[in-house]
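Report on the structure given below.
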Amino acid sequence: MHKTPKYILTLTAPDRAGLVATVARFLAEQGAFITEANHHTDARLEMAFLRFSFQDAGRNLPELHKLREAFEPISRALKASSEFYDAAIPMPIIIAVSKFGHCLHDLLHRWKAGILPVDVKAVISNHEDMRSFTEWHGLPFHHLPISKETKINQETKIKSLIEDYNVELLVLARYMQILSEDMCRHISGRAINIHHSFLPSFKGAKPYSQAYDRGVKMIGATAHYVTSDLDEGPIIEQVVERVDHTVSAEELVNIGRDTESVALTRAVRWHAEHRVLLSGQRTVIFK
């Protein structure tokens, strides 16, 4: 059965009068029917962020590579960073995990159910715990143990797997290792991490026990892009849940894991749908 091709255009450019009209006019002239249009201006930076979803309006919309070529002169004139994507092609990803599997479970369930627009190629882990679950889903499982002495070699293997599988995103689904600066540079803009984010926050061993001892009233999780600044990359999504004195330390762990799964899955989906545009250390997200 024939399906109408659906494409996405994202654009970041210095803000100017008529910018949106210029892009929309180009798409219309190419025979595109716009199904979703998003625009945001960062007044502080004087930058504009655009995302258009569109499909063939019945007038022989050109193929993707021809659209790119035709739009290039306009992009240069606008001093813009722009890209076209085929919305029908799911984004290839690799998931890295350690011993905690809740985020991995949620990602693979949604992937298998067709809810998440990604193509999971493999799972990487520094432990064997998630092997059977991964292989049950028909995915390759790469056990890459790590120590202080083998860190460089282990990360080199991860880089090779990213290239071999031709993936566009590395998802750190509670991968409990600090990446080197070199690794962070290598995957800049192509890696998403999840970590607990308490209000107030607690670091070190047993953060949920610390939170319980302090009687927190709200816990949550943050999904963000990976940078060399530990847990300080541009934030994509945050999920919080209110708790009270009746919640035990064990229940805090379960609630916290739920928020981690939700935040990470949302971040991966928005990234895969090209809804996240970077504005310095901030993100513009067209939901």
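The values are calculated or read from the model by the stated rules, or taken from the named source; none is laboratory data. From a predicted model like this one, the values you see are computed outputs, not experimental measurements. A quick note on method: Cβ atoms are made from the backbone with ideal geometry, for glycine too, and the neighbour counts reach across all protein chains shown.
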Report task. Looking only at the range 98-107, decide whether some residue is in contact with a helix residue (DSSP H, G or I) (Cβ under 9 Å, 6 or more places away or on another chain), in the same structural domain as residue 175 (by TED's automatic domain parsing) and among the aliphatic types (A, V, I, L, M). Result -> yes
Report summary line: The condition of being part of a strand (DSSP E or B) and more than 17 Å from residue 166 (Cβ to Cβ) holds, among 132, 75, 147, 82, only for 82
Report summary line: When restricted to 32, 80, 48, 70, the only residue farther than 19 Å from residue 272 by Cβ, buried (at least 17 other Cβ atoms within 10 Å of the Cβ), over 26 Å from the mean Cα position of the chain (by Cα) and touching a residue at least 12 places away in the same chain (Cβ under 8 Å) is 32
Requested in this report: May I ask you to list the residues in the range 92-139 that are over 19 Å from residue 261 (Cβ atoms), surrounded by 14 or more Cβ atoms within 10 Å (Cβ to Cβ), out of contact with any Lys or Arg (no Cβ under 7 Å at 6 or more places or on another chain) and not basic (Lys, Arg)?
Outcome: 119, 122, 126
Requested in this report: Tell me, yes or no, whether the range 220-240 has at least one residue that is crowded, with 21+ Cβ neighbours inside 10 Å, in contact with a Leu (Cβ under 8 Å, 6 or more places away or on another chain), in a helix (DSSP H, G or I) and not small (Gly, Ala, Ser).
Outcome: no
**Report entry** Yes/no for residue 88 being farther than 20 Å from residue 168 by Cβ and of a type in the set (Gly, Ala, Ser)
**Finding:** no
Report summary line: Cβ pairs under 6 Å, 6+ apart or interchain, first in the range 143-167 and in the same structural domain as residue 183 (by TED's automatic domain parsing), second assigned to a loop (DSSP other than H, G, I, E, B) and acidic (Asp, Glu), ordered by first then second residue, are 143/128
Query - Single unsatisfied condition, residue 269 versus (1) charged (D, E, K, R); (2) crowded, with 17+ Cβ neighbours inside 10 Å; (3) at positive phi - result: (3)
